[in-house]
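The structure appears right after this line, and notes come after that.
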Amino acid sequence: MHQLAIAKDNVFVPDPADSRRYRHALGTFSTGVTIVTLQSDAGPQGMTVNSFASVSLDPPLVLWSPAKSSSRHDLFAGAGHYAIHVLSADQHDLLARFTRGGAGFDGLDYHLNEEGVPVLSDTLARFECARANVHDAGDHTIVVGRVLRAAHGEGEPLIFSRGAFGRFAHHG
Ligand SMILES: Cc1cc2nc3c(=O)[nH]c(=O)nc-3n(C[C@H](O)[C@H](O)[C@H](O)COP(=O)(O)O)c2cc1C
């Protein structure tokens with residue numbers, strides 16, 4: 001049996017000058033992985049993102065958070081329309097395309113939706129959004145979008161946990 005109780009010595013105040021321990025604590029909260037896409041003057045853009053969350057069912061609202069440190073922060077925080085793609089467990093190669101210095105859309109299969117947003121053809125789920133609200137939040141911006149269209153396929157999700165990628169394991 002794992003020891004889950006948190007000893008007094010392990011309680012700490014997050015220190016922006018040394019965020020390692022804080023990141024470690026946050027990394028215990030596992031997420032899926034998404035790619036947020038939009039159209040820009042320089043062509044289709046995409047960003048690998050795990051800050052995605054569902055907020056409201058009625059109306060359908062979802063959020064994600066671009067980092068202010070990203071060279072593309074203003075582009076992504078300012079987009080009127082964008083699409084959020086949930087990756088499947090075998091799409092690890094796709095996520096690397098949309099991190100810093102990745103290959104992006106080169107050679108990828110995609111089409112433009114009614115709003116002109118580049119939409120990837122083959123992911124586990126997709127949420128095509130219109131920007132609803134933007135909230136300032138420290139070193140990130142929270143972008144809330146209204147879901148205009150949603151779609152999902154069959155398959156296993158890609159899981160991001162403690163800085164690593166893997167698959168979901170069912171109990172028993
Ligand atoms: C698993 C994973 C999740 C990420 N989640 C976010 C996120 O939620 N918000 C964000 O701004 N960047 C996130 N990033 C980093 C971006 O993909 C990108 O590399 C970073 O914003 C640098 O962008 P730039 O090249 O425009 O400066 C994530 C990267 C990885 C690998």
Original post:
Average projected area of the Cα convex hull of the chain, in nm²?
Top reply: 12.6
**OP:** State, to one decimal in nm, how far the label point of H170 lies from the label point of F29, with both points 7 Å from Cα in the Cβ direction.
**Re:** 2.8
Original post:
In whole angstrom, how far apart do the alpha carbon centroids of region 109-172 and region 1-74 sit?
Top reply: 13
Subject >> Within the chain: Cβ-based charge dipole about Cα centre, in debye rounded to nearest 20 (Lys, Arg +1; Asp, Glu -1) >> reply: 520
**OP:** Would you be so kind as to identify which of G107, H171, V117 lies farthest towards the positive end of the dipole of region 90-172, taking Lys and Arg as +1 and Asp and Glu as -1 on Cβ and the Cα centre as origin?
**Re:** H171
Subject >> Radius 13 Å from Cβ of A89, net charge of other residues (Lys, Arg +1; Asp, Glu -1) >> reply: -3
**OP:** Divide by every residue of the chain the summed helix terms, -39500 (n - 2.57) for each DSSP H run of at least 4, and state the resulting mean residue ellipticity at 222 nm, rounded to the nearest 500 deg cm²/dmol.
**Re:** -2500 deg cm²/dmol
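Rule-based calculations on the coordinates, nothing more; no lab input. All values reported here derive from a predicted model rather than from experimental measurement. FYI the Cβ positions are ideal-geometry reconstructions off the backbone, even for glycines, and counts take in every protein chain you see.
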